[in-house]
Amino acid sequence: MLQFLSNTDQVNSTKCSVNWNGEHTAYRCSTCGVSNSSCMCVDCFDIKDHEGHDFRMYTSTTGGCCDCG
């Protein structure tokens, strides 16, 4: 069981863990986003991965989290 938990932690370590509790700036890509509320933090968003996509940078005052994973 401990080995499983250790491996799970390693797999999840590639996901961003940023949570917003107020004003933040993020990116939203409507071409590859799963929903109209999917977003990525500024650190995770790589413009090279979204060439030719319909994306925008925005500022919001509501909470949320990075959906990079």
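The values are calculated or read from the model by the stated rules, or taken from the named source; none is laboratory data. Note that the structure is a prediction, hence the values are computed from the model and not measured. Counting neighbours? That spans all protein chains shown, and the Cβs are built from the backbone with ideal geometry, glycine included. The protein model used for the area step is the full one, side chains on, heavy atoms only, and it has no ligands, DNA or RNA in it. Shrake-Rupley method; radii C 1.70, N 1.55, O 1.52, S 1.80 Å.
Figures for the structure shown
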{"read-out": "Condition broken by A26, with the remaining ones in (1) open to solvent by less than 40 Å² (accessible area, probe 1.4 Å); (2) of a type outside the set (D, E); (3) in a loop (DSSP other than H, G, I, E, B) satisfied", "value": "(3)"}
{"read-out": "Residue tally, condition open to solvent by less than 60 Å² (accessible area, probe 1.4 Å), closer than 12 Å to C65 by Cα and out of contact with any Lys or Arg (no Cβ under 6 Å at 6 or more places or on another chain), over segment 29-43", "value": "3"}
{"read-out": "Positions within segment 50-61 being surrounded by 12 or more Cβ atoms within 10 Å (Cβ to Cβ) and either modelled with pLDDT under 95 or in a loop (DSSP other than H, G, I, E, B) (or both), in sequence order", "value": "H53, S60"}
{"read-out": "Residues that are more than 26 Å from E51 (Cβ to Cβ) and within 13 Å of the chain's Cα centre (by Cα), drawn from segment 21-35", "value": "none"}
